[in-house]
Ligand SMILES: [Zn+2]
């Protein structure tokens, strides 16, 4: 059960209120509060940060000049789609390889040539991911040939370019829908692949049951950034939804869209299949935020919170 703790932290400076345990010697005039979807977040999950004007000095739009960061990563703020004027939000994807432990969201702004900042602490916890032991796989099965290797290297550049965000604005008006009509999980996001006791790789997507020829639909509206055959992913569609959000659909047998197409939520993208490095037909569905691959199910819940839609209860082992 994903218990959503809502933290409301007040950063009203003139009132002298403490902001968590931040020092009181900030004399800025900004009045806003921060709300975080959860104070605990698993690696591979996403946080929703909302910044809410809390004083007469915060006219609509002004909070967009706050700078939000975690470590060296800057997270852009966008106007909130379902809250009153002036509220802004950021989506913070926690990398799968993030180390569990305390972390902070840093919020900074400039006033009269002075820089002010607040730290919002949160905890990264180990996600509910299972391990898969890999042993006895012949090297020839896992090591691509020289020709394949060149192809993979070429495709990595194409994929990286496709992930470059071109849309600042949100192209969505709702949470995700599932890309298949009937949702059956065959392999959850995040399963660790352990080889000789070392984390070799992990399952970076959610596998949904989709027998050969099952119609696959866009999870949300957006622009097709990639629709082509790739060595690992087979026939693959990548959609950009704005705000650094991308969804990917792999191993398809037929593609009904092409790069540059604008698609709407629920639009038919193609048919499922077993192309690429797979043994049976299924859909490998991926979601990324600012280039960080995250759990599609948990991200769908975060979007439901943003759009104030009912949140479907997720099985704890579904990543
Ligand atoms: Zn998969």
Next item on the list: Looking at (1) more than 30 Å from residue 306 (Cα to Cα); (2) out of contact with any helix residue (DSSP H, G or I) (no Cβ under 9 Å at 6 or more places or on another chain); (3) within 14 Å of the ligand (Cβ to nearest atom), find the lone condition where residue 233 falls short.
Entry: (2)
Check: In the range 265-314, which residues are away from the ligand (no atom under 16 Å from the Cβ), touching a strand residue (DSSP E or B) at 6+ places or on another chain (Cβ under 8 Å) and without any contact (Cβ under 8 Å) to a residue 60 or more places away in the chain?
Finding: 267, 268, 270, 271
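Restricting to the range 179-215, and then to whatever is over 25 Å from residue 126 (Cα atoms) and either in contact (Cβ under 8 Å) with a residue 60 or more places away in the chain or within 10 Å of the ligand (Cβ to nearest atom) (or both), can you tell me which residue is surrounded by the most Cβ atoms within 10 Å (Cβ to Cβ)? Even if it seems obvious, please write down each step before you answer.
Here is the first cut: in the range 179-215, the ones over 25 Å from residue 126 (Cα atoms) are 179-183, 209-215.
Applying the additional criterion that residues be either in contact (Cβ under 8 Å) with a residue 60 or more places away in the chain or within 10 Å of the ligand (Cβ to nearest atom) (or both) yields 179-180, 209-214.
Values: 179: 24, 180: 19, 209: 16, 210: 28, 211: 11, 212: 12, 213: 11, 214: 21.
Among those residues, the one meeting the criterion is 210.
The numbers here are math on the coordinates, done by the rules we state, and not lab data. If you're wondering where the values come from, they're calculated on a predicted model, not measured in any experiment. Every residue, glycine among them, receives a Cβ derived from its backbone with ideal geometry; neighbour counts consider all protein chains shown.
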